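Working notes, beginning with the structure itself.
Rule-based calculations on the coordinates, nothing more; no lab input. Predicted model only: the values in this text are computed from it and were never measured. Here Cβ is always computed from backbone atoms with ideal geometry, including for glycine, and neighbour counts include all displayed protein chains.
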């Protein structure tokens, strides 16, 4: 049996009212690219922009894609519910959690807040920390998480930040980079070592090969 694979991509949208939301500057391009890199079936749980990247790059109707199953998420709460459902249905699965998840959300208001106000104050509340819950849903799943450190973070500090995330979330791998250096100087941190890649594509290739190896392990043996 091949391990099922879930990839999350893009940014959550935590709504202020029916028109406005708080989101992150994340297109979902990496997750879409990863989904296309595997020869067997996977699920892409993506934001609208992530699913658009998939449709444009494959030039196909994503609803009828022969290998990639797709599902759209909106808010952090919505992503949490859909990820939990998938993991509980696929307890030996592999999760590549590359989505940019909003850490804060306002109290949503129905309708549209009137424009033209001289000042609008929003109170933000912490959201569910999805990453830290995944292994509680299924300790036997494999988890790859992503970490983007603040600009000007030095390499040693990036390693420390990613290692803390790996330990806290029990991630099997952490794919780490600095926000201003997303195309290069990548680190992949596991329990045993830290790998450094000059180019992002080299880091992604290592990740794809690692996932392929893990999926090939016969769980029924």
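At a glance:
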{"read-out": "Test: residue in the stretch 150-157 that is buried (at least 21 other Cβ atoms within 10 Å of the Cβ) and more than 16 Å from the chain's Cα centre (by Cα)", "value": "no"}
{"read-out": "Leading residue by the ranking (nearest to residue 114 (Cα to Cα)) among those in the stretch 35-63 that are crowded, with 22+ Cβ neighbours inside 10 Å and under 13 Å from the mean Cα position of the chain (by Cα)", "value": "47"}
{"read-out": "Output for the stretch 169-203, where each listed residue is assigned to a helix (DSSP H, G or I) and without any contact (Cβ under 8 Å) to a residue 12 or more places away in the chain", "value": "181, 201"}
{"read-out": "Residue match in the stretch 10-25 (condition: farther than 26 Å from residue 123 by Cβ and either touching a strand residue (DSSP E or B) at 6+ places or on another chain (Cβ under 6 Å) or part of a helix (DSSP H, G or I) (or both))", "value": "no"}
{"read-out": "Members of the stretch 56-103 found to be closer than 23 Å to residue 200 by Cβ and in contact with a strand residue (DSSP E or B) (Cβ under 9 Å, 6 or more places away or on another chain), listed by number", "value": "58, 68, 94, 95, 96, 97, 98, 99, 100, 101"}
{"read-out": "Any strands (runs of 3 or more DSSP E) falling wholly within the stretch 28-135 and containing at least 2 residues that are closer than 23 Å to residue 170 by Cα", "value": "42-46, 94-97"}
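This table checks each residue for (1) more than 19 Å from residue 143 (Cβ to Cβ); (2) without any contact (Cβ under 8 Å) to a residue 40 or more places away in the chain.
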position	(1), (2)
23	yes, no
48	yes, yes
63	yes, yes
66	yes, yes
77	yes, no
88	no, no
105	yes, no
